[in-house]
Amino acid sequence: MPTAPNRVVLTESDAAGTLRQTHVSHIGLTVSDVAANERFYARVLGLVRQDSLDGGGVRLGWGTGHHVLDLLPGRHGLAYFGFEVRDEEGIDGIRRRLTADGYRVEHLEESFVTSPTGPIEGLVTFTPEGTPVHFHSEVYRQGENSSDSGRRPLKFQHTTIGTTAVQPMVDFFVNTIGFRISDQLSDGRFCWLRSDHDHHTLAIVNVDQAGVLDHYSYDLAEWEDFKSWCDRLTELNVRVEWGPGRHGPGNNLFVFFDDPSGNHIELSAEMEKFYDKSVTYVPRRWEAVPTTVNLWGGQLPRWRKTSGRI
């Protein structure tokens, strides 16, 4: 609700913060050239093919555990994205809240969540703009969190979705599903949502299109990794599009580059942690100025516009 010109407070309901052990899981992208993108992700991020998908798509991941990325043939876009729910009765609770609030809920096909550790429960729902979102119970993640982070990311870290209307997306993810607002821009056009200890597993930004991927992020370990990665990207003829820098919301280090389809990929490290069982947090409202999204100042990429001043 507006409190003053260009001042917007994104609202939370009693369901906010219900999820505290829910992590980003996987993402599906439609691309015009699956083979070129598969080569890129193998060469740059170390993702290898785990399976071939119907229609000419591929499923990529690290090791033999749960996949990270699906590449599907088609016009450039976001096909779906997913979360792993480790909260007790988490899937059932999400299903109840979605149903009560009138959102469509479907069964998640077993092919998305097969695991050698036991049966998996999952559902598919749809954002207010129609993008499928997957929620599933805990899966086997062999291959993550055990690499040299100067050569390969530790894990898939967060997703940022572009939208034409932020508050309806907040109502969906926060007030129904159970995420929590960590930070927002003072004009209400960008917010960061958490569902575990990390400052954000999902962010939502106002852009001129509905249901698009703004960027998605992989986790590194520390500052020293960024030197190695910037040198390595240069050796691989991959242009650094933004950074290194440090975000205000989340306080995380970052560097950005693009895949062959133009999807913006972030490498991140040292993200702020929240401990909701021990501390009461109030969502912060950052000024919509360039130094909010890069505390170190310097350049902004041409695609990072979230208000008249950023």
Computed about the Cα centre, the charge dipole of the chain from +1 Lys/Arg and -1 Asp/Glu charges at the Cβ has a magnitude in debye, to the nearest 20, of 740 debye
Taking a label point 7 Å from the Cα of residue 75 along Cα-to-Cβ, the residues of the stretch 192-228 whose backbone nitrogen sits under 15 Å from it are 209-213
Note: the stretch 151-295 at 25 °C, 0.890 mPa s; Kirkwood Rh on alpha carbon pairs; Stokes-Einstein D in µm²/s works out to 155 µm²/s
Filtered hits (aspartates and glutamates, Cα-Cα < 19 Å from residue 273, offset >= 8 within chain) -> 84, 87, 183, 196, 198, 219, 222
Projecting the Cα atoms of 244, 83, 10 onto the charge dipole of the chain, where Lys and Arg contribute +1 and Asp and Glu -1 at Cβ, the residue farthest towards the positive end is 244
Around residue 257 (Cβ within 9 Å, Cβ-to-Cβ, excluding residue 257; K/R +1, D/E -1) the net charge comes to -3
For residue 277, counting only lysines whose alpha-carbon sits under 28 Å away and dropping same-chain residues fewer than eight positions off, the answer is 155
Residues of the stretch 32-48 with backbone N under 16 Å of the label point set 7 Å from the Cα of residue 140 along Cα→Cβ are none
Any residue on another chain or 5+ positions along whose placed amide H is under 5 Å from the amide H of residue 68 is listed here as 60, 61, 62
From DSSP H assignment alone, runs of 4+ in the chain each adding -39500 (n - 2.57), the sum over residues rounded to the nearest 500 puts [θ] at 222 nm at -4000 deg cm²/dmol
Matching label for the computed mean projected area of the Cα convex hull in nm², out of [x] 16.2; [y] 15.3; [z] 17.5, is [y]
Simple spin-label estimate for residue 148/residue 291, 7 Å along Cα→Cβ, in nm, reads 3.9 nm
GluC sites (Glu not before Pro) in the stretch 1-92 lying in a DSSP loop, each with at most 13 other Cβ atoms within 10 Å of its Cβ, come to 88, 89
The Cα extents of the stretch 22-136 along the principal axes, largest first and rounded to whole Å, are 43, 33, 22
Residue-ordered couplings for the stretch 226-238, obtained by feeding phi - 60° into the Karplus form 6.51 cos²θ - 1.76 cosθ + 1.60 and rounding to whole Hz (Gly and Pro as x), are 5, 4, 4, 6, 5, 5, 5, 4, 4, 5, 8, 6, 10
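Throughout, read-outs are computed from the coordinates displayed, never taken from laboratory work. Only a predicted model underlies this, so the values are computations on that prediction, with no experimental measurement involved. Every residue, glycine as well, gets a Cβ built from its backbone with ideal geometry; the counts of neighbours run over all protein chains shown.
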